[in-house]
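J.: Below are the structure tokens for one structure; questions will follow.
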There are 2 protein chains.
Amino acid sequence: MEISSIESPAFLKELDVEQLENLASEIRSFLIGQLSKTGGHLGSNLGVCELTIALHKIYNSPEDQLIWDIGHQTYVHKILTGRSSMFPFLRKKSGMSGFIHRGESVHDIWEAGHSSTSLSAALGHAIVRDNTGRSGHVIAIIGDGALTGGMAMEALNHLGDSGRKVTVVLNDNGMSISPNIGALKNFFADDDLHFRKTFFEKIGIHYLGPVNGHCISELIDCFQEAKLTDSPVFIHVRTEKGKGWLPAENDLLSKGHGVAPYDPYTGEPTTTDITLKDYSQTVADALLDIAETNFFTVITPAMIVGSRLVEFGDRYPDRLIDTGIAEQHAVTLAAGMANAGGKVFLPIYSTFLQRGYDQVVHDVCRQNLNVAFGIDRAGFSGADGDSHHGVFDIAFLRSLPNMILMMPSCEVECNMMTRFALEYSEGPIALRYPRGKVDDWLGVEPIKKLEIGKWQVLKNGTDAAIITFGPILRKAMNTAESLAECGLSIMVINARFIKPLDEALLESLFKQQIPILTLEESVLAGGFGSSVLEYAADHGYSGSIIRRLGLDDIFYGIGSDEELRTAAGLTENVIAEQCTRLVLEREHA
Amino acid sequence: MEISSIESPAFLKELDVEQLENLASEIRSFLIGQLSKTGGHLGSNLGVCELTIALHKIYNSPEDQLIWDIGHQTYVHKILTGRSSMFPFLRKKSGMSGFIHRGESVHDIWEAGHSSTSLSAALGHAIVRDNTGRSGHVIAIIGDGALTGGMAMEALNHLGDSGRKVTVVLNDNGMSISPNIGALKNFFADDDLHFRKTFFEKIGIHYLGPVNGHCISELIDCFQEAKLTDSPVFIHVRTEKGKGWLPAENDLLSKGHGVAPYDPYTGEPTTTDITLKDYSQTVADALLDIAETNFFTVITPAMIVGSRLVEFGDRYPDRLIDTGIAEQHAVTLAAGMANAGGKVFLPIYSTFLQRGYDQVVHDVCRQNLNVAFGIDRAGFSGADGDSHHGVFDIAFLRSLPNMILMMPSCEVECNMMTRFALEYSEGPIALRYPRGKVDDWLGVEPIKKLEIGKWQVLKNGTDAAIITFGPILRKAMNTAESLAECGLSIMVINARFIKPLDEALLESLFKQQIPILTLEESVLAGGFGSSVLEYAADHGYSGSIIRRLGLDDIFYGIGSDEELRTAAGLTENVIAEQCTRLVLEREHA
């Protein structure tokens, strides 16, 4: 069977175990070769080659519904459902998603970029199946890391009680990006099979396994047995992340998860740009530096690698707490430590902080606790697409009392803000920072000091003012400089504090009737620009001319960050056009 | 010991078991008598009389830190820490909180109105204790209902792994407001003690119990043993909600939770106003009505009583799913059902929806699934205070693509919106409705039909326009009528769709240069009023005069809803004043 000729999983029905095993190894080679060029989540997909083949062999997708928890483990599924030719376009604009995508295939049932949602979704599908008298199996495939996310445990508790026929396939590789955390891993690693079986029976779920996830015949037998069971079934499959690729097998932490292009033989990345570091690394370096003289604890929800905390953990193992995939707990743990007088820094991806939103409101802000958040991956998150774009956090955080919100525009500012957040002791504070490389400082004078709610005028001007923050400041400066050549005098303001606003500076702009353009790589609805509008309206500056550039009320898909910025109108051309319009508007006012 | 003379729990050290038992029964009588006048969470507190006494007998608060999960089970704790005289002012403005409140007592360590946070908080306290070399016990007291909330399971998983000395006291009464849900209840109800012990040992936690939670000597022995254990300890205490009060013992569902004043002998409420029904009941009645002809499922996270779903559940047991306290799972379960083609209505309190925020973003809105939300307790939630005021949902929902957001201002509209939400099939839709009684329809003509994003002009006017929604519309109408007597012509608009806006109507207001006042019982930062400002700015109506009334950037405490509205400036006087200002501003513009 040529990989490229696969159109649907139907052909698997005709293959015997040996042929399926051969297929697994062909798929493995295909993936190693393809992803070496495009990058992608190699390790997790190598781990599920046999598992995915066996699932499609025994179940009839899409009548039987495969619901994958976090879609990045579905490359094999994509191959078996006829998408091998799309791999050169993996995670590219107009290409193929790195996750499950319902628009791509009838075999893609449920989309997820965040973990731990599959059990709830599968139970929902099973209830509707039963209500409508349809038949068919519903199968959730979930990693052991994702299983410890609270909502998965909520769902398991409900599933056992419901008695519904749902098949849960636990892909137990002992990892949740970083090695797995928490007491339950011992429960699943334990040799006492009888005990585990009994536990599941007591909560109403039939336990099968453990099964060797790289042995197709074992998997097939197990799925056959599961099909005959009329209650919820839990199939415990043990796999190895990165299976069959030496570089990952030898160094799982750095090469097992992936996603940059790499040398297929050594696993070494082929595209790393070492000339500039990224924001996450800048924050991590600042933490390392501060830790030499100050005691504080870093809490991370399974993001030691992503948040560049490997070195911090090596140097200060007692000061780094990995909660595993458990954002709710991570936030309230930080709140508890702060309430007890401890100093905490919690780096967390913007969209994963959404999981801890109530904990931010109810535990941190309401009690005004001194937790410092590092909101990573703020702004577009390129190839990861809609589930990972960190574009809602300004809207959902700035409406919360007591919260201070900053964003750096360069390495120096990022370092200062990390220090500032750790020194601040009045309540919650967050710096949000993007994916991607740090920029150089744009100002003429060095930054001396941060003051709560104090912005900085980077460039003076009288015709209009651009107020923005973060890396996009560079575009504002470039545009202002270009427009200067056309005779327009544009002020550029670095609003490093997103909340609170620099009221004195705003007052002076409004009094001088300087029209304002706000720029943000964030949703416009309720965003930073709105807070400027609010200030103007609330303080009697109704006549002020204020325009906002940012993200529309849609979900943005996959693309390079620059492609996405272009889609959102965050380009120098559009900024220039808006500035010109503002100037004309003022003239005609 | 006179209850009124208790100043601190120190006196308990001198009492023997018999004296402690007498104290428990005195406290029980005190609570039954006091709460009959003020209302309050009687049942849960009767259930923890002996437990609380034993805790304060054995541990030394505040050096030993008692961290209560959901503070409404802390009335006995309040009595023992010297606050009995405050009970006449329970849950009143400037009185005593119904929850833990750090401002009230050094014995109040951690505040919580939402469930399942205590384990994370306790672990945080223990980490700081260990880091700083302090001594003292950290004890989390959590109900079995709260334990099934995902974040509590996340914390338990981490706790077992951490090996930290934290004592978890499970108050197992089989209830989470409604009878408890989920498979884990069987695990705790099971007689196989050895099995349960083994399970906890396997996840790194020492299990003690089950202990009779109404037997002080058993409790004391158990806490003594726990004090000597150096690993995490889990004490399984079995209690009866409403213990010692016949009305609750006989009818736990309706009299076991509380909170209105009642006859201390019969338990019947003494203040029920049966002349008008509330919004939750109106929604529930509409659901009952629609269910006669249409098939849909109602999902509730443990709020059968609060969401008035008892009758619905009796009549359609197969169409009502109680997930227990598991908001994340509830939202994604609804999303799963919608994805499978099912029709779902999910009533959920505004502040509890915060727990499911990521699920709303990532599962529902991003996949544009047709889930109908009923956001209950939207707006101030009076005596419950800051953790329960549903004032953030407009800000956190309106920034999400695909979401439709409505609010009814009267019974008829509430009924229509419930129907509309269930008929709508294009994606997520929510109606938010307040606590409290329904109002009559304010318009002259009957409401005929709802149209997405279509507002209604209730009263014409030319000097200014008030745009608002929900029950506060009544105040807008009253004010407009009063101002008419002073010769001001104020238009009143019912913005029943909070999102999307009625752009045609806004355009006409802007074109006529009619100044606008927006009113909302919701945070101003990023709220509805801001969306009107955004529209004006984005469509070139920079000169428009728009003012907003709503909640400032602070957490509002306890009070009657009207007291809280007064604090937020949502009164007819302030509305009138603002309208007059708008008119003057236009004259001077």
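J.: Find out how many positive minus negative residues lie around residue B:297, taking Lys and Arg as positive, Asp and Glu as negative, among other residues whose Cβ is under 14 Å from that of residue B:297.
T.: With Lys, Arg at +1 and Asp, Glu at -1, the neighbours total +2.
J.: When a/c is below 1.5 the answer is rounded, else prolate if a/b is larger than b/c, else oblate, so apply that to segment A:97-233 with a ≥ b ≥ c taken from the square roots of the Cα gyration tensor eigenvalues.
T.: On the way: a/c = 1.42, a/b = 1.15, b/c = 1.24.
It comes out rounded by the Cα gyration axes.
J.: Follow-up. Within a Cβ distance under 15 Å of residue B:128, other residues only, what is the Lys/Arg minus Asp/Glu net charge?
T.: Values: positive: A:319, A:343, B:129, B:134, B:164, B:165; negative: A:318, B:63, B:64, B:130.
My count for the surroundings of residue B:128 gives +2.
J.: Can you pick out the pairs among A:343/B:202; A:197/B:197; A:197/B:241; A:13/A:197; A:459/A:511; A:165/B:343 whose Cα atoms lie more than 22 Å from each other?
T.: Working: A:343/B:202 32 Å; A:197/B:197 16 Å; A:197/B:241 33 Å; A:13/A:197 31 Å; A:459/A:511 19 Å; A:165/B:343 20 Å.
The answer is A:343/B:202; A:197/B:241; A:13/A:197.
J.: Going by how many other beta carbons lie within 10 Å of each one, how would you line up A:169, B:17, fewest first?
T.: Result, fewest neighbours first: B:17, A:169.
J.: May I pose another question? Dividing the convex hull volume of the alpha carbon atoms of segment B:364-407 by its residue count, what do you get in Å³ per residue?
T.: Per-residue hull volume (Cα only) is 77 Å³.
J.: Take peptide B:336-347, look around each residue's Cβ out to 10 angstrom, count Cβ atoms belonging to other protein chains, and average those counts. Please report the intermediate quantities before stating the final value.
T.: On the way: counts 18, 9, 2, 10, 15, 6, 7, 2, 3, 0, 0, 0.
The per-residue average across the peptide is 6.
J.: What GluC sites (Glu not before Pro) in segment B:356-463 are in a loop by DSSP, with at most 14 other Cβ atoms within 10 Å of the Cβ? Present the calculation step by step, with values, prior to reporting the outcome.
T.: Numbers: sites: B:411, B:413, B:423, B:426, B:451; in loops: B:426, B:451.
The qualifying sites are B:426, B:451.
J.: Quick one, what does Rg over Rh come out to for segment A:279-432 if you take C-alpha atoms and the Kirkwood Rh? Mind showing how you got there, number by number?
T.: Details: Rg = 13.9 Å, Rh = 15.1 Å.
With Rg and the Kirkwood Rh in hand, the quotient comes to 0.92.
J.: Could you work out the mean count of beta carbons from other protein chains within 10 Å of each residue's beta carbon in B:158-166?
T.: Details: counts 13, 3, 5, 10, 5, 1, 0, 0, 0.
Mean inter-chain Cβ contacts per residue within 10 Å come to 4.
J.: Grab the residue from chain B whose Cβ hugs the B-to-A rotation axis most tightly, plus its distance in whole angstrom.
T.: Minimum Cβ distance to the axis, with residue: B:150, 1.
J.: Over all Cα pairs of segment B:281-370, how is the pair count split among 10 Å bins, expressed in % and running from 0 up to the last occupied bin?
T.: In whole percents, the pair-distance histogram is 18, 51, 30, 2.
J.: Same structure, new question: Counting other Cβ atoms within 10 Å, keep those with at most 10, restrict to DSSP loop, and tell me which GluC sites (Glu not before Pro) in segment A:456-533 are left. Show your work: numbers first, answer last.
T.: Working: sites: A:481, A:485, A:503, A:507, A:520, A:521; in loops: none.
Qualifying residues, ordered by number: none.
J.: Note the per residue figure in Å³ for the convex hull of the C-alpha positions in the protein assembly as shown. Write down the numbers at each step before the final one.
T.: Values: hull volume 191.7 nm³, N = 1178.
Cα convex hull per residue, to the nearest whole number: 163 Å³.
J.: Classify segment B:480-529 from the C-alpha gyration tensor, please: rounded if a/c falls under 1.5, else prolate or oblate depending on whether a/b exceeds b/c. Don't jump to the answer; show the numbers that get you there.
T.: Values: a/c = 2.23, a/b = 1.38, b/c = 1.62.
Taking the square roots of the gyration eigenvalues as a ≥ b ≥ c, segment B:480-529 is oblate.
J.: Here is a follow-up. Where Rh denotes the Kirkwood radius from the mean inverse Cα pair distance, what is Rg over Rh for segment B:54-103?
T.: 0.97
J.: Compute the signed sum of charges (Lys and Arg +1, Asp and Glu -1) over the other residues within less than 12 Å, Cβ to Cβ, of residue B:456.
T.: +1
J.: For segment A:196-322, what's the radius of gyration and Dmax over Cα atoms, in angstrom?
T.: 21.2, 62
J.: Across the Cα atoms of segment A:111-166, what radius of gyration and what greatest pairwise Cα-Cα distance (Dmax) are found, in Å?
T.: 11.3, 34
J.: State, to one decimal in nm and shortest first, how far the label point of residue A:260 sits from each corresponding label point in the other identical copies (label point: 7 angstrom along Cα-to-Cβ).
T.: 6.5
J.: On the principal axes of its Cα set, how long, how wide and how thick is segment A:489-589? Give whole Å, largest value first.
T.: Over segment A:489-589, Cα extents along the principal axes are 42, 29, 22 Å.
J.: Same structure again: Specify the angular offset, from 0 to 90 degrees and rounded to the nearest 10, of the alpha carbon long axis of helix A:118-131 from the longest principal axis of the alpha carbons in chain A.
T.: That works out to roughly 60 degrees.
J.: Tell me, what is a quarter of the convex hull surface for the C-alpha atoms of segment A:388-444, in nm² with one decimal?
T.: On the way: hull surface 19.4 nm².
Value for segment A:388-444: 4.8 nm².
J.: Scan segment A:478-539 for chymotrypsin sites (Phe, Trp or Tyr not before Pro) in coil per DSSP, keeping those whose Cβ has at most 10 other Cβ atoms within 10 Å, and list them by number.
T.: Here no loop site has a sparse enough neighbourhood.
J.: Ordered shortest first, which distances in nm separate the 7 Å Cα→C-beta label point of residue A:481 from those of the other copies?
T.: 6.5
J.: Just tell me which lysines come within less than 19 Å, Cα to Cα, of residue B:499; anything on the same chain fewer than 8 places away is out.
T.: B:449, B:454
J.: If N is the number of residues in chain A, what value comes out of its Cα radius of gyration divided by 2.2 N^0.38 Å? Spell out each step's value before the answer.
T.: Details: Rg = 25.8 Å, N = 589, 2.2 N^0.38 = 24.8 Å.
With N residues counted in chain A, Rg over 2.2 N^0.38 Å equals 1.04.
J.: Nearest 10 degrees, 0 to 90: what angle lies between the long axis of helix B:528-538 and the longest principal axis of chain B (Cα atoms)?
T.: For helix B:528-538, the angle is close to 40 degrees.
J.: Expressed as an acute angle from 0 to 90° and rounded to the nearest 10, what is the orientation of the C-alpha long axis of helix A:572-588 relative to the principal long axis of chain A?
T.: 40
J.: Can you list the distances in nanometres, one decimal and ascending, from the residue B:29 label point to the identical position in each other copy, with the point 7 Å along Cα to Cβ?
T.: Ordered by distance, the counterparts are at 8.7 nm.
J.: Dividing the convex hull volume of the alpha carbon atoms of segment B:23-170 by its residue count, what do you get in Å³ per residue? Mind showing how you got there, number by number?
T.: Numbers: hull volume 14.9 nm³, N = 148.
Taking the convex hull of the Cα positions in segment B:23-170, it is 101 Å³ per residue.
J.: Report, in whole Å, the centroid distance computed from the Cα atoms of segment B:107-133 and segment A:440-461.
T.: Their Cα centres are 39 Å away from one another.
J.: Now for a different question. Could you work out the mean count of beta carbons from other protein chains within 10 Å of each residue's beta carbon in B:396-404?
T.: On the way: counts 10, 4, 5, 15, 8, 10, 3, 1, 0.
Shielding by partners across B:396-404 averages 6.
J.: Treat the count of other C-beta atoms within 10 Å as a stand-in for reagent exposure and order B:49, A:215, B:410 from fewest to most. Before the final figure, lay out the partial values.
T.: On the way: B:49 27, A:215 16, B:410 22.
Lowest count first: A:215, B:410, B:49.
J.: Name the shape class, rounded, prolate or oblate, that the alpha-carbon gyration tensor gives for segment B:536-589, where a ≥ b ≥ c are the square roots of its eigenvalues, rounded holds for a/c under 1.5, and otherwise prolate holds if a/b is larger than b/c and oblate otherwise.
T.: Values: a/c = 4.30, a/b = 1.82, b/c = 2.36.
It is oblate, given that a/c is not under 1.5 and a/b is not larger than b/c.
Bear in mind that the values in this text are calculations on the coordinates, not laboratory data. What you see is a predicted model, and the numbers here were worked out from it, not measured in a lab. Cβ sites come from the backbone with ideal geometry, for glycine too, and all protein chains shown count toward neighbours.
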